[in-house]
Amino acid sequence: MRKSIATVCVGGSLTEKLEAVARAGFDGVEIFENDLLGCPLPPERVRERADSLGLRIELYQPFRDFEAVAPDRLADNLRRAEHKFRMMERLGAGMMLVCSNVSPLAVDDDALAAEQLRLLAERAADHGIRLAYEPLAWGRHVDTYARAWRIVRMAGHPNLGICLDSFHILSRGSDPAGIEAIPGDKIFFVQLADAPLLAMDVLHWSRHYRCFPGQGGFDLAGLLAPVLRTGYAGPLSLEVFNDSLRQADTGRTAVDAMRSLIALEESVAQVLGTASPLPRPVRPDGFAFAELATRDHKRLGGLLGALGFARTGQHETKPVELWEQGRARILLSRVHPDSPTDTSLVAIGVESPDPALSAERARALLSPALSRHRAPGSARLDAVATPDGTELFFCDSGHPHWREDFDAVTPPEGHIGGIDHVALSHPWDRFDEAALFYRSVLGLRPYESVEAADPYGLLRSRAMSNADGTVRLTLTLARVGPQYPAEQHIALADADIVATARRLRALPENVLLPVPGNYYDDLRARFDLGEERHRELRELGLMYDRDEDGEFLHLCTVTVGRVFFEIVQRICGYRGFGTANTPVRLAAQHTPAPVSPAAPDVRG
Ligand SMILES: O=C(O)c1ccc(O)c(O)c1
Ligand SMILES: [Mg+2]
């Protein structure tokens with residue numbers, strides 16, 4: 001199907017927008033009126049520019065507050081329309097979007113709406129233009145596709161059809177199944193947008209919070225399937241109004257948008273049982289490694305040593321160390337000389353049953369491929385760049401061949417057996433992009449977005465996981481400014497966190513984040529843990545949580561550069577991330593560490 005995007009989805013001037021969406025592979029665009037009005041080029045030149053970029057101008061929009069008005073207003077509305085039609089001819093746009101009337105002057109009369117739209121369609125036909133009538137969710141009287149279709153049918157003009165916009169349909173909770181009753185050739189246009197599930201005024205929700213399919217909470221494939229069953233053969237056009245995207249990098253947003261459409265095509269193909277546009281999903285089934293780049297190998301090595309890791313190998317040709325405990329593998333490499341941070345997470349390796357296919361799928365979803373020389377070993381490893389710049393390597397499940405390049409000794413067995421999850425930090429304009437990236441490329445399921453209070457702000461995060469919890473990520477929204485603690489961390493799965501905590505407490509140097517006594521006073525109110533258990537948690541500085549499945553114990557180390565380690569123990573299938581404790585952890589990370597000569601610098 002033709003892929004289109006409304007110019008309102010991306011930031012920049014009209015020509016910048018056209019260039020970016022063409023580069024991302026779109027076939028066409030919806031031109032938003034404001035983009036044209038603010039453009040220094042006359043419509044003919046915009047048309048030439050679009051032509052030269054291989055973009056078809058699918059639609060011009062929006063035309064507002066036309067139908068179901070008193071007779072004295074009709075003449076003025078038709079005059080307005082004539083001007084737009086002439087301008088559209090110059091632009092080479094064959095379809096105009098007509099939004100349902102939102103004015104208090106509109107009359108609640110379908111027959112009148114149909115009669116006036118028929119008149120408009122006759123005028124449009126004189127210019128070779130077709131009209132797509134779109135019921136806005138906040139339309140004065142026409143706010144559902146069922147009602148809009150009734151009016152279009154009543155009008156009975158070949159140049160008048162309906163525009164279906166997923167946001168208006170799903171935000172109101174309308175059942176998309178009824179779309180199948182509309183003949184495919186009367187659906188003139190289809191606009192697609194997702195949105196987070198928010199309880200808010202629908203106009204505000206639509207104008208500020210829409211996002212690309214797969215980034216919010218709507219079932220877009222469930223909406224598109226009945227649309228395609230009607231035989232609709234027009235473009236699938238993204239229409240996203242979003243405050244962040246207006247300010248974000250134009251080219252990047254265009255690629256993010258295209259990725260969302262490709263992923264949606266795959267989801268709808270699954271629903272319809274048709275051929276998929278993508279190599280089949282390969283589910284990752286574990287973490288192979290996490291790589292930290294640091295200027296301070298000694299301090300980080302000291303911290304890993306305290307956690308029970310051993311330096312098991314040194315890369316044969318590169319300045320990269322391998323630190324291991326059981327199947328938990330951490331690589332320490334050198335920081336790029338230009339990097340402003342002393343220590344940061346730069347790569348993760350996931351295990352895949354078919355690494356080559358994983359990489360092929362990632363590239364088909366427009367992930368930038370990375371050159372092989374970055375691989376931690378000389379072993380052939382496929383890698384792509386993720387939205388926050390972290391490199392993602394695909395490694396063979398259960399066969400860490402890349403480890404052979406480290407000439408590594410057998411790793412020590414301790415309580416820590418592997419990586420439980422990795423927390424990645426994203427700038428504000430990459431957060432939704434990241435959720436879609438991991439959802440489509442790795443097949444991870446997103447959890448709801450959550451917010452945690454921080455003494456100096458609010459931390460937004462969203463966890464993602466595969467079905468069996470062997471690959472879990474938490475995506476956080478990075479705040480800028482030196483007052484904010486790092487949000488990159490590696491969480492290590494521990495089979496006996498009490499023993500680990502005891503050992504770490506006994507060290508002469510303080511490597512653990514202190515937890516305030518008030519937390520433990522309140523924990524008594526939250527959970528009936530018994531005196532002895534409660535005392536043990538307090539003494540060891542362990543945090544606690546529980547869900548319907550099981551229990552969770554965790555603690556954090558001090559921060560080195562941008563990174564800290566979390567040690568976690570999941571008991572009986574606990575599925576969360578201890579989010580209830582995040583505000584306490586964030587506050588503790590702002591509190592200066594107690595002075596101790598050997599203590600690592602918490603501020604990095
Ligand atoms: O918010 C609006 O006014 C508006 C305009 C055009 C659309 O296609 C739409 O879905 C919403
Ligand atoms: Mg719309």
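Things to note:
- Among the residues of the stretch 105-131, those that are away from ligand 1 (no atom under 16 Å from the Cβ) and not hydrophobic (A, V, I, L, M, F, W, C) comprise D108, D109, D110, E115, Q116, R118, E122, R123, D126, H127, G128.
- Residue match in the stretch 142-159 (condition: polar (S, T, N, Q) and away from ligand 1 (no atom under 16 Å from the Cβ)): yes
- Residue check for L322: in a strand (DSSP E or B), surrounded by 16 or more Cβ atoms within 10 Å (Cβ to Cβ) and assigned by TED's automatic domain parsing to the domain that holds A435: yes
- Every pair of residues 6+ apart whose Cβ atoms lie under 6 Å, when the first sits in the stretch 169-191 and is among the small types (G, A, S) while the second is within 14 Å of ligand 2 (Cβ to nearest atom) and assigned to a helix (DSSP H, G or I): S171/V202
- Test: R118 is in the same structural domain as D76 (by TED's automatic domain parsing), more than 12 Å from ligand 2 (Cβ to nearest atom) and assigned to a helix (DSSP H, G or I): yes
- Condition met for E351 (without any contact (Cβ under 8 Å) to a residue 12 or more places away in the chain, part of a strand (DSSP E or B) and among the charged types (D, E, K, R)): no
- Restricting attention to the stretch 323-356, the residues being over 25 Å from the mean Cα position of the chain (by Cα) and small (G, A, S) number 4.
- Filtered residues of the stretch 314-349 (kept if of a type in the set (S, T, N, Q) and touching a helix residue (DSSP H, G or I) at 6+ places or on another chain (Cβ under 7 Å)): Q314, T343
- In the stretch 500-510, the residues that are surrounded by fewer than 20 Cβ atoms within 10 Å (Cβ to Cβ) and not small (G, A, S): R502, R503, R505, L507, P508, E509, N510
- Being within 13 Å of ligand 2 (Cβ to nearest atom), in contact with a strand residue (DSSP E or B) (Cβ under 6 Å, 6 or more places away or on another chain), assigned by TED's automatic domain parsing to the domain that holds G139 and of a type outside the set (D, E, K, R) is a description that applies to I162.
- Residue list for the stretch 561-577, filter: part of a loop (DSSP other than H, G, I, E, B), modelled with pLDDT of 95 or more and crowded, with 20+ Cβ neighbours inside 10 Å: Y574, F577
- Any hit, the stretch 370-381, residues being closer than 18 Å to F287 by Cα, of a type in the set (A, V, I, L, M), modelled with pLDDT of 90 or more and within 28 Å of the chain's Cα centre (by Cα): no
- Of residues in the stretch 194-234 being assigned to a loop (DSSP other than H, G, I, E, B), of a type in the set (A, V, I, L, M, F, W, C) and over 18 Å from the mean Cα position of the chain (by Cα), the one farthest from ligand 2 (Cβ to nearest atom): A199
Per-residue answers, yes or no, for (1) within 27 Å of K298 (Cα to Cα); (2) over 35 Å from the mean Cα position of the chain (by Cα):
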| residue | (1), (2) |
| --- | --- |
| E539 | no, yes |
| D547 | no, no |
| V560 | yes, no |
| I567 | yes, no |
| N581 | no, no |
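- When L504, L477 are checked against the criterion of being over 28 Å from the mean Cα position of the chain (by Cα) and hydrophobic (A, V, I, L, M, F, W, C), L504 stands alone in meeting it.
- Within the stretch 383-394, not a single residue is surrounded by fewer than 15 Cβ atoms within 10 Å (Cβ to Cβ), at pLDDT 90 or above and among the charged types (D, E, K, R).
- Taken over the stretch 40-51, the criterion of being part of a helix (DSSP H, G or I) and touching a helix residue (DSSP H, G or I) at 6+ places or on another chain (Cβ under 9 Å) is satisfied by P43, E44, V46, R47, R49, A50.
- Residues that are without any contact (Cβ under 8 Å) to a residue 40 or more places away in the chain and either of a type in the set (F, W, Y) or within 13 Å of ligand 1 (Cβ to nearest atom) (or both) were ranked within the stretch 64-97; the one that is nearest to N159 (Cα to Cα) is M96.
- Checking each residue in the stretch 1-39 for being in a helix (DSSP H, G or I), within 23 Å of the chain's Cα centre (by Cα) and within 16 Å of ligand 1 (Cβ to nearest atom) picks out T7, V8, C9.
- Within the stretch 410-446, being in a loop (DSSP other than H, G, I, E, B) and small (G, A, S) holds for G414, G443.
- 2 or more residues touching a strand residue (DSSP E or B) at 6+ places or on another chain (Cβ under 9 Å) and closer than 15 Å to V584 by Cα: qualifying strands (runs of 3 or more DSSP E) within the stretch 472-549: 543-546
- Considering residues of the stretch 144-156 that are buried (at least 19 other Cβ atoms within 10 Å of the Cβ) and of a type outside the set (G, A, S) only, the residue nearest to ligand 2 (Cβ to nearest atom): Y145
The values are calculated or read from the model by the stated rules, or taken from the named source; none is laboratory data. This structure is a prediction, so every number in the text was calculated from the model and none was measured. As a convention, Cβ positions derive from the backbone with ideal geometry for all residues, glycine included, and neighbour counts pool all protein chains shown.
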